[in-house]
Each structure stands twice: as structure tokens, then as C-alpha cells.
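Peer 1: Take a look at the following structure, please.
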Amino acid sequence: MPRTASKKGPANSSSSSAVDLFRSGKAATKELERIDQLYYSYANNLSGMIDPEGIESLCSDLKVDHTDVRILMLAWKMQAEKQGYFTLEEWRKGLKALRADTIIKLKKALPELEKEVRRPSNYVEFYSYAFRYCLTEEKQKSIDIESICELLELVLGLQFRPQVDLFVQYLRTQIDYKVINMDQWMGFYRFCQEISFPDFSNYDAELAWPLILDNFVEWVRSKQT
Amino acid sequence: MKKAKSQAVACSLDSKNGIKQHHFDDATTNSSVDPFSMIEDHAETDVVDSDSARASSSGGFTANLARKKAIPPQPAKKLVIKLLKAKPTLPTNFEENTWAVLKSAISAIFLKQPDFCDLEKLYQAVNDLCLHKMGGNLYQRIEKECESHISATLQSLVGQSEDLVVFLSLVETTWQDFCDQLLMIRGIALYLDRTYVKQTTNVRSLWDMGLQLFRKHLSIASEVEHKTVFGLLKMIESERSFPDVNLSFSVICATVLGEAVDRTLLNHLLKMFTALGIYSESFEKPFLDCTSEFYAAEGVKYMQQSDVSDYLKHVEVRLHEEHDRCVLYLDASTRKPLLATAERQLLERHIAAILEKARGIFSLMNLFLPVHSAIFFRQVLTFATTGSRALSSYIRRTGQSIVTDEEKDKDMVFSLLEFKASLDAIWEDSFSKNEAFCNTIKEAFEHLINIRQNRPAELIAKFLDEKLRAGNKGTSEEELEGTLDKVLVLFRFIQGKDVFEAFYKKDLAKRLLLGKSASIDAEKSMISKLKTECGSQFTNKLEGMYWPTYPLMDVRLPHELNVYQDIFKEFYLSKYSGRRLMWQNSLGHCVLKAEFPKGKKELAVSLFQTVVLMLFNDAQKLSFQDIKDATCIEDKELRRTLQSLACGKVRVLQKNPKGREVDDNDSFMFNDVFTAPLYRIKVNAIQLKETVEENTSTTERVFQDRQYQVDAAIVRIMKTRKVLSHTLLITELFQQLKFPIKPSDLKKRIESLIDREYLERDRNNPQIYNYLA
């Protein structure tokens, strides 16, 4: 490899950025190679994708439970489309963004990732991604109550524990709704952010809140009296 | 001839009155000097002299004229005006003396003594004082003088006479005298009033001054004021307690012959109060309190001891009395509060009890027929809002009990019609179609008829069905029309009109199909009435039913049937292509020719009955199960059919074992001993009452239909507006939708449409919806 440092000439100053490029180009290729290698170490040989089994072993290597929210965050980073599966493209996208090409680096990147996701500007996106990620069937638009309860725990449990607990309790007791759709899902997040808890004093059922939330508030209030 | 010296003449400044005082310094000459001329021209005098001299020497005028000497003009003489040596002064003590004259006059007036000074002079005295800028002093002096007299007069009333009437008369006299006196004084000091008073701010006119003094001292002599008020109130009370028989209106209460009260006295004294400006404070307030107490007590007493009719008549009398009182002696401003007070105590407090006491609407009717009561009760409604409130709650309560009594559902419409009719009768006869009353009835009905959702609408449809069916013997066309109109009035009050529509259509279809309509004209008339009420949309589908070649019905097909239909279907469809044929099996009917051993008969039967009977063409005896299998008629329906054939009046089949009910193990036989007097016999299928399921399904259809309407409305609105906030959308929907609906139901539909991607929530503002094309 020619030593670019000893290159002379008028292009010296500008060439340093080109130098960096050139060098990072090389490094980048190496990185990519390692990422791919990592991918194939988990991927299923037949499908060429990392399947749920692969993800499980990934998780155990990362020493993270596969139901941990950080895995979901990783999926988000990858913009993974199908729950339980990672494609090569997704893998590359995610790990490249995290600048992780080994398991150790990936593990190290997780806390940073979490911080990034929890930033308010990103969280809405993550929250809505979480819902979509759970739509397993084609043309599926809603998620059953039980899964929603788990998802809520996972995604909002840290930030809005009391609201989530109450809402989950409500969802499991009520009979009007068997599934939750995206509109209701997003509504709940807004609800947690805007409405004071536990009195719901600023909640106005005459506004455009989804009906399920009107019913939820009513249910809570009737419990309180 | 002596020349007249020029003399300065001091003239009185004021020459307008013709009253002049002249001061001449020098004595006048023998020639008369015109006092107004200030300057003398010597030249002129000369001329005069020479002329007059000549005139005397020679005779005749002509001599003068002819021989007028031309005198060369003299040079202008100087005129000298000399000022008076001293300003003319008033005589000493002018003011005091003048005032003394006035004072004695005023005194005399107040003391009612003759004065020896004539009015002219007095007037002049005032004039003079005013001219010399002594108006202010004069005013104050007059005021003081008046005050002392007034105060004395009023003080003299204190402790006078125990007898109230006598006392009041005294007060009256005092007041009258005072007015006269003040008037006179004012007349004398008119000039003062017109100049000084007008020119000076914060100075009252003499009249007002006098009144104010009177008022001041009346309140100082508070005993007098209070005693007067007390006396007045007592007089009024006694008048109330013993109403005068001679008064034209009280034909009814001929009680004790009255203590006729001196109304003039009351009148004058109350006018006094008004003039003094103390009427409302000193008199009216205690008067109204007194009135209130009086009528409160009377109201309670009479309510207990008399029946409603008499009570109301009595109240009417009282109100007339009070009205007259205002005309005769009370100030006009008291009329309104007075009548209000009386009504409040006599009526408002007892309205509820009055209406309760009038048991049933009919006794209320008799109650109101007398005209007096009617007029006055109209007052009740216009003045006392509790009257119409009580009436409204009465109508609601009665109506509600009619509407919500589920056991009496059959009679609901009839009862409601009766109730409304009786209220209308009262409204017309006794209230001269008073608008407020009419509105009260309307509002109350609208409320009560919608308390129970849907059922009244259904029952009204049923009621109409009954009326429009044949077999209503004895109702003339006119009567029927009248009934239809009345029912329509009720219909107007209903909010969920689409429920009515659903049931009405179904029943109309049945009537037409079964040929049970009493008169096509009546049907058409009803439809046109509905059209006027609800618009043509409502009735479009109904009108379509009249054409026998288009049997397009919405009635659903209830059951499976057998093969016979197909023959007809084939035939029909071969004749009319492109039509849809829907079988109404529950409504079909046939005429069967039956050969009984005892004679041939024709049987008019329903379709199901036909099917069953025809089985017996091939078998003498069949079990229930056999029949069921063969006909595939639904179980309950089959039992009913068999009942009608074997257990009713006309038994073309025999059931074994005998009995009213059809059990699973029964068997049926052709009745070969059947006889009947007529050739053609109708075998009544046991009336297919609308089953509960049918009912609920009809209702459900309506609700389903409503859902579509809501969805359509939402899409329509959003398509136009493109972007709309939630609250505005809800408002729009309430305006457009003709049936009652809850906001939560609207939310459901909106969310459904979001799900189906007709709309979306705006990304930035979740309160806003965007239309998705």
C-alpha cells in the first residue's frame, strides 16, 4: 500500500480528506466484512436470514433476554420489517449505524442505543414502530389485547408505569374491544404524555380522543368512587 | 323769549314698565319739555319761536307757508351732557323695608290672616329686590320664613288625635293648605323664580324648595309620617277585609257590607307622598309587604277551606280589586308590583296544589269553563312562570305514565290522543288559543313521547295499521281523516322517525298484499300527509308499493319452503324477465277446492295451510313428524298452522289426541265428517303476531341503517371540508342527522372510517381530521 503520508504536491492539503476517505474506505470494507461474517454466524443456512432461533442465540451472546426492549430497539435501528427475522440488509444497516462489527462492540453499543431511542424526538417513532413490528400477518391492522398488554409493558413500562398498569388492567377486564389498532395505540401514548395522572383532570371526552380511552377514563373514575 | 337752557335730564333707567322716577336737578321752564329728550337744539327753538311769532301776527296758514324765510344754516352748537352729580341711591334700609313687607305677607299667608298689602305691590317688591341684586338674600329669607312656618305646622300635628281617620284628614288638610300657600308665595315671588333661580345653579325653584322643606320636616316629625303611613295601610286593610258589594265585578263575594273607605282621602294623601318623592320608600314598600302578608295568610286559609273552583274565583275577585285600587288611589307605578305580589301569594305558592286538587283532566276542564276563571288563569300563565312550569310538569307526568306503562302499550296511542285532545280543548275554549299555553303543551309532549325510545313510534305505526285496515265499521271517512291528522300530530313529536318508517312500511306492505286496506284513498291520503311532514324521501319507497305489477317489498323471507313455488317462479320469470321475485310465504293465500263426503267446499286458506292440507291428498292420516318432514315448515309455524286446521272453529282436520295444543306425537286425519253452513269457508290462520324476534330485527335494521347514514354523512362532510376539527365535525353531524345519536356512537363511526382509511388524524394536531381521497 503506498504511503499516502509521503505524497507531495499541491494536492497535499485537500488530499488529506481524500486520504481519510481512502483510509476509511479500507477500514469500512473491513468493517463490512466483519459485520457480514457476524450475520452469517447467526443466520439460517437455508433461508439466509437470521430467524428466531438465531436471534435467541444472538441474545444469549449479548447476555440480554430476548424479550428485552433493547432487542426491539435494535430491530428498530435496523428497521427490521418482520418480527423475529433479520435480513442481511437490515443487519448491515443497524450494525453499521451502531459502528459495531463484533459482538462485544454490539453489546457495548446497546446502552448508547437505548439512550438514543429514549430521546423524546425518537421515541414516538420507536413507539409506532413497535406496533407495526408486531403485525405479523399480511394486511393485519390490529393486535390482540394480550399482545398489546405485553407490548405496552415493554415499551412504556419504564416511563409510564402507573398508566400502563391501569390501562393493562382495564384492557384485560373490558369486553368491548378484542383488538387494538394503530390509532388507539398512538392515542394511548399521547394520553400518557398529555393527561395528568391519576386524576385525569384535563381529560375531555368531547375532544377527538379515541373512544377506548373515553371508556378507560370512565372505568377508572367509576373505580375511584 | 327766553331760551331754554340745555338741561341734562336724568331719567330712570327702567322705562319699560312705564314706572318712572325722575329726578330733575333744575326746575323746568314754562315750555313743556319732553322728558325723553336729552339735548336741546337752540337753533330749533329759534325757528319755533320765529314761526309762532309770525303765525300770530299775520293770519292764516298760507301766510306761513308762503313766507317761509330761508334761514342760513347756523353753525352746529355744542351739546353738553353733564353727569349727575351723584349716583342715585336706594333709600336707606331699602332691603329691610321691602323684606319686611314681604315677610308680613308670607306670614299672613301661612297663618291664613288677611294682609293689607296688595299683590301688585308685593310683586313689585320682589322685582325691586331682584333688580338690585338682592335676589340671593331674598331667596334665603323666603326659605327661612317658609321653613319656620312649615316646621311649626308639622310639629303641631304631632300627638294629634288618636283616631286614625281623623288624623289622616288633618294631614290632608295640612297638605292642601300648604300647597295653596306655597302656590301663592310662588306667585308673589314669580320674578325671583324666573330670574335669580334660573340664573343660579344649585338653587331649586320655589315650589321645589317648599316641597323639600315639607319633606324634611315631615321626616323630622317622624311620628307624623309613620302615623300617616300606618293610617293609610290600615284603611286599605279594612277595605280589603270588607269588600264593597257595590263594586261591579264582585258578583260572587257578597260578604259583610263594607266599611266604605274614604278613597278620596287615600288618593290625596298618596298624591302627597308622590309629590314629596317619598312614595316608594315610605309608602309603597311597607304597603307591598303588608299586601304580601295579607294575601299569604288569606291564600293559605282559603286553600284549606274551599275547593279549587271557588278558590280561583275568589283569587280573581281579589286581583280585580287590587287593580281597581291602583286606578282609584294608588300610584300607577304600584300596579305591576302589587299584582305580582298578590299573584305570588295567592297563586304561585299554590299552583302545584291547585293543579293537584283538580283531579283528572276533565274536572280541570269544567273548572276552566267559566270565563272569569279563564281570563284570570291566563294571567297566571303570563305573569307567573311557575304556572306554566307547573302545567308543563303536570302534562309530562301524566303523559310519561301513559308512555312508560309497558302493560298498557296496546292503549298507549289511544290514551295519548285522548289526553292531547282534552288539553287542546282547554286551550281552545278557556284560553282563547293562548300561545304560551300551546307551547307548553308542545314542549311537554315532545319530551314525554321520547322518554321511551322507539316504542311509541312503533305503536303509532301499529295504531295506524289498525285504523287503515278494513273492518273498521262505523268510522266515516271524515272521522278517519280526523284520526289520521291527530295521530300525525303525535308523530311530529317523535325524534326517531325512521323507526316509525320501518314499521309503517312493513305494515303497509302487509295490508296491500293481503288486500286488507279499508280504502286506498285513505292510504294515499296518509302517505301524502307523511310526505308533507317528512319530505318525499320518506315516502318514495312507500308510494312504489301501489302498483300491483311491481311487488317490490323489503319484507324478508322468513322460512324455507317446498317445491310448489318453483312452478310459479318459473311461470313468473318466464313472463317477466329481469325481475326479482321474492316469496312472502307467510302472506300467501289460496283457495282450495275440497271434497268432503258431506259436500264440496271451497276453503280460503293461507299458504302454509294449503301445503299441509294437500299432503292429505295422498294420505288419510299423518303424524306431526310426517307433516314436518314433508313440508319443511318451521316448527312453531307448523304447530300454529295445524292448530288452525284442527283445533279452531273450522276443523278440516282431526287431531288425535284431541286438544288445543299440538304436541310432537299428535297425528292428524282428514275430517270426513266435516260440515259447514256456507260453501266458501275462510279458515283463519292464527294471526301471525309479529314475533318478538321480528320486532327486534326490525329495530336492529333501523339501527344498522342509521350506521350507514352516519358513515355516509361523515364522508360527505369530510369530502367537502377536506380538513375539519373533531368538535366541528360532531356539530355538523348533529345538524345533519335526523335521528338522535350519542357522541360516543359518532366517535365509533369516525374511528371505523379511520380504520378503513377514509380519514386520518392530522399528524400535527390530533384534534383534526384530514379527508383521504
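Peer 1: Convert each backbone phi in the stretch B:154-163 into a coupling constant with the Karplus relation 6.51 cos²θ - 1.76 cosθ + 1.60 (shift: θ = phi - 60°), then list the ³J(HN,Hα) values in order as whole Hz, x for Gly and Pro.
Peer 2: 5, 4, 5, 7, 5, x, 7, 6, 6, 5
Peer 1: Oh, and also: For the stretch A:121-224, what does the alpha-carbon gyration tensor say about shape, rounded, prolate or oblate, given a ≥ b ≥ c as the root eigenvalues, a/c under 1.5 as rounded, and a/b over b/c as prolate?
Peer 2: Cα axes put the stretch A:121-224 in the prolate bin.
Peer 1: Hey, which aspartates and glutamates would be in cross-link range of B:LYS442, C-alpha to C-alpha under 18 Å, not counting anything within fewer than 8 residues on its own chain?
Peer 2: B:GLU418, B:ASP424, B:GLU428, B:ASP429, B:ASP485, B:GLU533
Peer 1: In whole Å, how far is the Cα centre of the stretch B:167-238 from that of the stretch A:58-130?
Peer 2: 102 Å
Peer 1: Oh, and also: In a GNM of chain A with a 10 Å cut-off on Cα contacts, which of A:ARG92, A:ARG161, A:ARG132 has the highest mean-square fluctuation?
Peer 2: Checking each option, the largest mean-square fluctuation is seen for A:ARG161.
Peer 1: Which whole number gives the average count of other chain Cβ atoms within 10 Å of the Cβ atoms across peptide A:176-185?
Peer 2: 2
Peer 1: Relative contact order for chain A: what percent, with Cα pairs under 8 Å and sequence separation of 6 or more?
Peer 2: Answer for chain A is 14 percent.
Peer 1: In sequence order, what are the phi-derived ³J(HN,Hα) couplings for the stretch B:478-493 according to the Karplus relation 6.51 cos²θ - 1.76 cosθ + 1.60 with θ = phi - 60°, rounded to whole Hz, with x for glycine and proline?
Peer 2: Here the 3J(HN,Hα) series is 4, 4, 4, 4, x, 4, 4, 4, 5, 5, 4, 4, 4, 4, 4, 6 Hz.
Peer 1: Just the Cα atoms of the stretch A:21-117: what Rg and Dmax do they give in Å?
Peer 2: Spelled out, the Cα radius of gyration and Dmax of the stretch A:21-117 are 12.9, 41 Å.
Peer 1: List the residues, sorted by chain then number, that are 5 or more residues from B:HIS589 or on another chain and whose placed amide H is less than 5 Å from its amide H.
Peer 2: B:LEU607
Peer 1: Using the Kirkwood radius over C-alpha pairs as Rh, can you work out the diffusion coefficient of the stretch B:93-234 via Stokes-Einstein at 37 °C, viscosity 0.692 mPa s, in µm² per second?
Peer 2: Result for D is 205 µm²/s.
Peer 1: May I ask for the net charge around B:ASP521, where only other residues with Cβ less than 11 Å from the Cβ of B:ASP521 are counted and Lys, Arg are +1 while Asp, Glu are -1?
Peer 2: On the way: positive: B:LYS524; negative: B:GLU477, B:GLU481, B:GLU523.
Local charge sum for B:ASP521: -2.
Peer 1: Further question: Can you return the lysines within cross-link range of B:LYS85? Criterion is Cα-Cα under 28 Å, with same-chain partners fewer than 8 residues away left out.
Peer 2: The qualifying lysines are B:LYS2, B:LYS3, B:LYS5, B:LYS16, B:LYS20, B:LYS77, B:LYS133.
Peer 1: How would chain A be classified by its alpha-carbon gyration tensor: rounded, prolate or oblate, with rounded meaning a/c under 1.5 and the a/b versus b/c comparison settling the rest?
Peer 2: Prolate is the answer for chain A, as a/c is 1.5 or above and a/b outweighs b/c.
Peer 1: Of B:LYS144/B:LYS285; A:LYS139/A:LYS223; B:LYS569/B:LYS649; A:LYS223/B:LYS747; B:LYS497/B:LYS722, which pairs sit farther than 27 Å apart, going by alpha carbon to alpha carbon?
Peer 2: Exceeds cut-off: B:LYS144/B:LYS285; A:LYS139/A:LYS223; B:LYS569/B:LYS649; B:LYS497/B:LYS722.
Peer 1: Quick one: order B:HIS268, B:HIS350 by neighbouring beta-carbon count within 10 Å, fewest to most. Please list the in-between numbers first.
Peer 2: On the way: B:HIS268 19, B:HIS350 22.
Exposure proxy ranking, most exposed first: B:HIS268, B:HIS350.
Peer 1: Summarise the partner chain shielding of A:201-209 as one whole number: the mean count of Cβ atoms from other chains within 10 Å of each residue's Cβ. Mind showing how you got there, number by number?
Peer 2: On the way: counts 0, 0, 0, 1, 3, 5, 6, 15, 4.
Per residue, the average neighbour count from other chains is 4.
Peer 1: Moving on to the next point. Which pairs break 27 Å Cα to Cα here: B:LYS462/B:LYS655; A:LYS82/B:LYS748; A:LYS30/A:LYS107; B:LYS524/B:LYS575; B:LYS575/B:LYS601; B:LYS408/B:LYS524?
Peer 2: B:LYS462/B:LYS655; A:LYS82/B:LYS748; B:LYS524/B:LYS575; B:LYS575/B:LYS601; B:LYS408/B:LYS524, as the Cα separations exceed 27 Å there.
Peer 1: Over all alpha-carbon pairs in the stretch B:676-773, figure out the percentage whose distance exceeds 21 Å. The partial results should precede the final answer.
Peer 2: Details: 2250 of 4753 pairs.
Value for the stretch B:676-773 (Cα pairs over 21 Å): 47 percent.
Every number here is computed from the coordinates shown, using simple stated rules; none is lab data. What you see is a predicted model; the values in this text were computed from it and never measured. Heads up, the Cβs are rebuilt from the backbone with ideal geometry, glycines too, and the neighbour counts pull from every protein chain shown.
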